[in-house]
Amino acid sequence: MKFVSVSISVFTAAWMLASFSAHAGGNNETAGGRSSGLGGASVTLSDQWSSSNNPGALGLVDRYALGVAYESRYFIPEASYKGLTFTAPIGGGTIGIVGHSFGYASYNDNRLGVSYARKLSDYISLGAQINYFQVNIGDIYGQRSMVTGEVGALVTPNEKVAIGVHIVNPTRAKFADFDDERIPTLLKVGGSYSFSEKVKLLAQFDKDLDLPINGRMGIEYEPIEDFFMRTGFSTLNRSYAFGIGYSWRGIILDVSNQWSQQLGFGATASIAYTFGNRKK
């Protein structure tokens, strides 16, 4: 019985470590209902969730914003995700603060990030972010913490085209010495094209150093003013998404559903309030 108990404990710990690695590296961490509804193709989106999706795009955010998000991944309570974001245009740049929490009592990881982005010209915006991670793995491994970074860029050569690049954990920070466990390093490269003021197509490729390339694609359509319809997909886990969004007097509500062939359905909802403008 002692051998069985130890084996179960080791298996559980290994599963938790794997879960943390996939989550902490940003592999599944696209924040907000808008991004989720687009299949995670978010590297060119410039909105209140840019601190999570690409800090480089934060430089184009000209309004203050406060938002919260909740994601039920495949309707498994232990895999729920909570997010908080705040953006503030200050001087010639924009500051972002983001918080994330994932997991449950026996296993959870939490992240607090502070980012800053600035437009270098009418066409280029650069941003960087520092993250403080904390992971709790029950009584087996206890608590670990670490600091990582992110950098991003957004290029907008004209009103229709945007190109984004986002690098997560470029220094390959370690989570644990055991088996050289590291927080994943992730490269995201994507582009978007606006066919009109109503229709936008987004495409993106993500490359984790330890995983195959993940292709993402999404479409956003605004059939009536301030009401949006979205759909998208991701190739790595064969997931599909659809969602809607509505903006009213500074309040932005986005909801989406995701379906994976391996794991089933999930849902995401986010709400944000935007106010004020950058002082000239």
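The values are calculated or read from the model by the stated rules, or taken from the named source; none is laboratory data. A quick note: this is a predicted structure, and the numbers were derived from the prediction, not measured. Here Cβ is always computed from backbone atoms with ideal geometry, including for glycine, and neighbour counts include all displayed protein chains.
Values for this structure:
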{"item": "In segment 219-250, the residues that are of a type in the set (Gly, Ala, Ser) and in a strand (DSSP E or B)", "result": "232, 234, 239, 241, 243, 245, 247"}
{"item": "Test: residue in segment 206-215 that is within 15 Å of residue 33 (Cβ to Cβ) and crowded, with 19+ Cβ neighbours inside 10 Å", "result": "no"}
{"item": "Residue match in segment 163-174 (condition: surrounded by 13 or more Cβ atoms within 10 Å (Cβ to Cβ), over 21 Å from residue 98 (Cα atoms) and not charged (D, E, K, R))", "result": "yes"}
{"item": "Test result for residue 160, surrounded by 15 or more Cβ atoms within 10 Å (Cβ to Cβ), of a type in the set (Lys, Arg) and either at pLDDT 85 or above or at positive phi (or both)", "result": "no"}
{"item": "The lone exception for residue 78 - which of (1) charged (D, E, K, R); (2) under 25 Å from residue 209 (Cα atoms); (3) modelled with pLDDT under 95 it fails", "result": "(2)"}
{"item": "Count of segment 90-99 residues which are loosely packed, with under 15 Cβ neighbours inside 10 Å and either at pLDDT 95 or above or in contact with a Phe, Trp or Tyr (Cβ under 7 Å, 6 or more places away or on another chain) (or both)", "result": "0"}
{"item": "Residue within segment 78-86 that is of a type outside the set (Gly, Ala, Ser), surrounded by 15 or more Cβ atoms within 10 Å (Cβ to Cβ) and more than 19 Å from residue 274 (Cβ to Cβ) present", "result": "yes"}
{"item": "Pick from segment 117-147, criterion hydroxyl-bearing (Ser, Thr, Tyr) and in contact with a helix residue (DSSP H, G or I) (Cβ under 8 Å, 6 or more places away or on another chain), ranking: nearest to residue 190 (Cα to Cα)", "result": "125"}
{"item": "Subset of segment 216-231 (residues that are closer than 18 Å to residue 35 by Cβ and of a type in the set (Asp, Glu))", "result": "220, 222"}
{"item": "Residue list for segment 100-114, restricted to those being of a type in the set (Gly, Ala, Ser), closer than 19 Å to residue 272 by Cβ and surrounded by fewer than 16 Cβ atoms within 10 Å (Cβ to Cβ)", "result": "101"}
{"item": "Residues that are under 15 Å from residue 125 (Cβ atoms), outside any helix (DSSP H, G or I) and touching a Leu at 6+ places or on another chain (Cβ under 7 Å), drawn from segment 44-83", "result": "44, 46, 54"}
{"item": "Segment 122-144 residues that are without any contact (Cβ under 8 Å) to a residue 60 or more places away in the chain and in a strand (DSSP E or B), paired with ones that are among the basic types (Lys, Arg) and surrounded by 21 or more Cβ atoms within 10 Å (Cβ to Cβ) (beta carbon under 9 Å, 6 or more apart)", "result": "131/111; 132/111; 134/111"}
{"item": "Verdict on residue 50 being at pLDDT 95 or above, in contact with a helix residue (DSSP H, G or I) (Cβ under 9 Å, 6 or more places away or on another chain), over 15 Å from residue 230 (Cβ atoms) and not aromatic (Phe, Trp, Tyr)", "result": "yes"}
{"item": "Output for segment 251-280, where each listed residue is of a type in the set (D, E, K, R) and assigned to a strand (DSSP E or B)", "result": "254"}
{"item": "Selected residue (criterion: nearest to residue 149 (Cα to Cα)) from residues of segment 29-43 that are polar (S, T, N, Q) and part of a helix (DSSP H, G or I)", "result": "35"}
{"item": "Residue check for residue 256: modelled with pLDDT under 95, of a type in the set (Gly, Ala, Ser) and surrounded by 16 or more Cβ atoms within 10 Å (Cβ to Cβ)", "result": "no"}
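Every residue, every condition in (1) without any contact (Cβ under 8 Å) to a residue 24 or more places away in the chain; (2) part of a loop (DSSP other than H, G, I, E, B); (3) within 21 Å of residue 110 (Cα to Cα), yes or no:
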position	(1), (2), (3)
148	no, no, yes
152	no, no, no
167	yes, no, yes
217	no, no, no
